[in-house]
Amino acid sequence: VEASIPEPQREAWTKNQFESFKDQGEFEKEVVRHVETTLARSMFNCDETAAYSATALAFRDRLIKDWNKTQQRQTFTDSKRIYYLSLEFLMGRALDNAMLNVKGKDIAKGGLNELGFRIEDIISQENDAALGNGGLGRLAACFLDSMASLNYPAWGYGLRYRYGIFKQEIIDGYQVEVPDYWLDFNPWEFPRHDVTVDIQFYGHVRKSQDENGKTVANWEGGEVVTAVAYDMPIPGYDTPSTNNLRLWSSKAASGEFDFQKFNNGEYESSVADQQRAETISAVLYPNDNLERGKELRLKQQYFWVAASLYDIVRRFKKSKRPWSEFPDQVAIQLNDTHPTLAVVELQRILLDKEGLEWDEAWNIVTATFGYTNHTVLPEALEKWPVGLVQHLLPRHLQIIYDINLFFLQSVEKKFPEDRDMLSRVSIIEESQPKMVRMAYLAIVGSHKVNGVAELHSDLIQTTIFKDFVKIYGADKFTNVTNGITPRRWLHQANPRLSELIASKTGGYDYLKDLTTLNKLEQYVDDKDFRKEWAEIKYANKVRLAKYIKSTLDITVNPAALFDVQVKRIHEYKRQQLNIFGVIYRYLQLKEMSPEERKKQAPRVSIFGGKAAPGYWMAKQIIHLINNVGSVVNKDPDVGDLLKVIYLEDYNVSKAEIIIPASDLSEHISTAGTEASGTSNMKFVLNGGLIIGTCDGANIEITREIGQDNIFLFGTLSEDVEDLRHNHTYGKHSVDSGLQKVFEAITTGKFGDANDFGALVSAVRDHGDYYLVSDDFQSYVDTQKMVDEEYKNQEEWVSKCIRSVARMGFFSSDRCINEYAEEIWNIEPLAV
Ligand code: 8GP
């Protein structure tokens, strides 16, 4: 308030408002101005990087006003806000998205052309903001886009990693990790050096009495690290709403301590302190669906959560409302368990800082939080050693123990006979060492818990969280099936298809209400429409083929069926099943006569994805795929009939090229393991068909688009347990097709057999946990069906169109509206 301009001077401000460009001429002027003043360059040394920077700055200027106004509107109306806490935001590039959302892309295209550049070249100068691993992080990015587009007053809170997910190089068939330093020049972030929070770690708790004789806990000593806010504008589509993504960066607290050290000449240790502080936000942990209990990770979590809550509470306190109204003003969504310490931190603030009683505080806490679970895989469920929490956050551990005590007392009351129940649901696992179960803490601390697709939400309620359903009742648990933003994943990635759709559905309104796609259904039998549709797919395939040629120097035939599996490499996602199938196809082709071969449908098998650096088996899978490629791609017997491609460094921007070019994509996880999947939705929305298992959102995609338009195969989730049991007790056989594949591998057809021994014996000898052998035959049979159906192009294209027409449900807008209504109890803000 003190920083406000006094009333009489405000007129000068109002009349001197900066106006951003309105037409192409003004856009060009701003680009030139930024090149010459902001970048201090000229037309004699303006390369594409400089042109990108200037264009980004011109669009940034245009966003800022809307951004400021949105924030002001939120403050003035003092409406309830949603805070989305996520350790990952896999944003990708911002410029193209900003241009589309403010509808300025055509102006930019013409303007850049005039200035001597091609817009595509300029867009591709930008580094991806790759602050995430995979599905969970990309979902958070789609949600930000939808929340802004739907005018929800929403904030994202995360960490500003200096290094995002590593860059992947494939060298001699192996994955090599290269650091992703992406911040060289980032016009999309605004450092807020005035928005800082000091975060405490370690130390001890001293109890004392206040003037009323009440016992209070004082967390003292330890070390302090400062969090600095960096803000990123998140523009909504076709609305002035521009929300904020606030990312925290760590730096050494500039206390007297440092000065003292400096004055004493202890330069080295003073610098070391600084580096230790900066390490907290230095790097994204590169694991997907896997938790490794590292102290630095826990530090990241608390650092980010404490800074965010401080910010949220500070904002709430400005309104001078009573604490009881906190949940009416604030909803906080926990994106998986990574931010669960927020539950404890808010309870601590209310108890220790604000002096509320336990029950009053706890009611506020539980009414505020919602928790989304993203996986049932046991290795991904977070647990932290009690000793580590005690050391790093001594006061928080006390509060966790109290939360657990009161929770277990209530359970005991409700289920007096079930003694086992208490140890099963305890937030503290009585193991050696004792562990804090973060998912349990998140459930106890939230009013709603949701899964991310119907099957997944059923599974968490009947397996890992079964006892909690008994305790709290089924109402606390719900499903919100994931979605994707059609702006990025159709309009931006596939502009020609978007244009064709717009021409038939009444303009671009479908980007705001994806169910409008159903108007396409009437064109399924329209020959001309089908032809245009097919031409666009072909052009997208040509673009990908060129990319493959330029990066790998391999020629692929764009008329072949492009069969794509791009996602993180994981045994449960079963890229090994895919590559075994490819080997099987190769062996069959080799056995055929030249005449027989002529009848086969040509195929390009395309893989991409990163393995966690410490996930040895996943790296073996990458190696095998590459080795198969180097044998198959050179084999003159096979020629165009089969090519195997590994695309290096799969990321958001590459997905935007790959997805529109797919005929068939693979979503073939062991049933019950993939919580939802979101790329399955992206592929179908871009006119590709799916081969998949009955898992995650594949099931709802099937329900929406119809069984005839998807290639399903394999074990059902309800049968998985029995099959695994049988494997363990020896009733497990590998059929002859898969035997042949193993034989080819183990006789060294694809390089040193020793390299792949573990991959083969995981299936053949060690229980085949992911049921590769059970599903192999139905997988190859289904692939055969795909070959047959692809030959009938008219019918194939009809299926694609019909599928797209029925994909309306999978917009992240639908998803955000469900969260808003069912979980956050929040309304859009009128603009
Ligand atoms: C992923 C799920 O694997 C994927 O099926 C889903 O579509 C996506 O979340 C978005 O909901 N889960 C994770 O990435 C995950 O659980 N990561 C870490 C928490 C372990």
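Structural remarks
- Sorting Y161, Y202 by solvent-accessible area of protein heavy atoms yields Y202, Y161, largest first, with a 1.4 Å probe.
- Karplus-based coupling profile of segment 4-20, in residue order and whole Hz: 5, 6, x, 3, x, 8, 5, 4, 4, 5, 4, 7, 9, 4, 6, 10, 7, with θ = phi - 60° in 6.51 cos²θ - 1.76 cosθ + 1.60 and x standing for Gly or Pro.
- Dipole of segment 73-195, positive direction: furthest Cα of T75, F185, I122, with charges on the beta-carbon: T75
- DSSP-defined beta bridges in the chain - what % are antiparallel, rounded to 5: 45
- Solvent exposure ordering (accessible area, 1.4 Å, most first) of R206, R585: R206, R585
- Here segment 238-307 and segment 578-617 have alpha carbon centers that stand 45 Å from each other.
- Per-residue extension of 0.36 nm, minus the Cα-Cα distance of K434 and Q522, leaves a gain of 25.6 nm for this segment.
- Rg to Rh, two decimals, where segment 353-401 supplies the alpha carbon set and Rh follows Kirkwood: 1.06
- Which of W155, W362 is most accessible, then next, and so on - probe 1.4 Å: W362, W155
- Net +/- balance of residues flanking A98 in space, Cβ distance below 10 Å, scoring K and R +1, D and E -1: +3
- Length gained when the stretch N792-D553 is fully extended (0.36 nm per residue, less Cα-Cα span): 83.0 nm
- Mean Cα-pair separation over length for segment 425-583, i.e. relative contact order, pairs under 8 Å, 6 or more apart, %: 11
- Filter on K434/K567; K573/K682; K519/K541; K643/K749; K573/K784 - keep pairs with C-alpha separation over 28 Å: K434/K567
- Backbone N atoms of segment 203-246 closer than 20 Å to the 7 Å Cα→Cβ label point of L405 belong to residues 204-210, 213-220.
- Anisotropy class of segment 1-139 from Cα gyration tensor, a/c 1.5 cut: oblate
- Pairwise centroid distance, computed over Cα atoms, of segment 336-403 with segment 111-152, Å: 34
- Taking 0.36 nm per residue of sequence separation and removing the Cα-Cα distance, the I5/Q17 pair yields an extension gain of 2.9 nm.
- Pairs of alpha carbons in segment 277-365 separated by more than 17 Å make up 54% of all such pairs.
- Using alpha carbons only: equivalent-ellipsoid semi-axes of segment 478-585, gyration tensor based, whole Å: 30, 22, 14
- Counted charge near R806, where neighbours are those whose Cβ lies closer than 9 Å (Asp, Glu -1; Lys, Arg +1): -1
- In the complete set of protein chains, residue-level accessible area for E7 is approximately 130 Å², probe 1.4 angstrom.
- Computed about the Cα centre, the dipole magnitude for the chain is approximately 700 debye when only Lys and Arg (+1) and Asp and Glu (-1) carry charge, each at its Cβ.
- Of V376, N404, V425, farthest towards positive along the dipole that unit charges on Lys, Arg, Asp, Glu beta carbons give segment 360-432: N404
- Rounded Å value of the spacing that divides the Cα centres of segment 8-71 and segment 767-831: 41
- Treating r as the C-beta distance of E743 and Q707 and R0 as 30 Å, the FRET efficiency rounds to 0.25.
- Extreme residue, positive dipole direction of segment 586-673, given options V604, I657, T673 (C-beta unit charges): T673
- Rg of the Cα atoms in segment 600-682, relative to 2.2 N^0.38 Å, amounts to 1.22.
- Rounded to the nearest 20, the Cβ-based charge dipole of segment 287-411 about its Cα centre (Lys and Arg +1, Asp and Glu -1) stands at 480 debye.
- A 1.4 Å probe, protein heavy atoms only, puts the accessible area of D525 near 120 Å².
- Take the Cα of D752, step 7 Å toward its Cβ, do the same at V216, and the gap between the two points is 6.6 nm.
- Estimated inter-spin distance, S208 and A502, nm [label 7 Å along Cα→Cβ]: 6.5
- For segment 540-680, size of Cβ-based charge dipole, Lys and Arg +1, Asp and Glu -1, in debye: 180
- Kirkwood Rh and Cα Rg combined as Rg/Rh, segment 320-423: 0.99
- Each residue of segment 477-492 is assigned a 3J(HN,Hα), and the resulting list reads 10, 8, 10, 10, 5, 4, x, 9, 7, x, 5, 6, 8, 10, 4, 7 Hz, derived from the Karplus form 6.51 cos²θ - 1.76 cosθ + 1.60 (θ = phi - 60°), x at Gly and Pro.
- Segment 628-767 shape via C-alpha gyration tensor axes, a/c threshold 1.5: oblate
- Shape class of the chain from the Cα gyration tensor (axes a ≥ b ≥ c, square roots of the eigenvalues): oblate, since a/c reaches 1.5 or more and a/b does not exceed b/c.
- Treating each Cα of segment 27-82 as an identical point scatterer and summing with the Debye formula, the log10 of I(q)/I(0) at q = 0.14, 0.18, 0.19, 0.27 Å⁻¹ comes to -0.49, -0.61, -0.64, -0.98.
- Here, segment 51-117 yields an orientationally averaged convex hull projection of 5.9 nm² when only Cα atoms define the hull.
The values are calculated or read from the model by the stated rules, or taken from the named source; none is laboratory data. Here the structure is a predicted model, which is why all the values come from computation and not from measurement. Every residue, glycine among them, receives a Cβ derived from its backbone with ideal geometry; neighbour counts consider all protein chains shown. Only protein heavy atoms, including side chains, enter the accessible area calculation; ligands, DNA and RNA are left aside. Shrake-Rupley method; radii C 1.70, N 1.55, O 1.52, S 1.80 Å.
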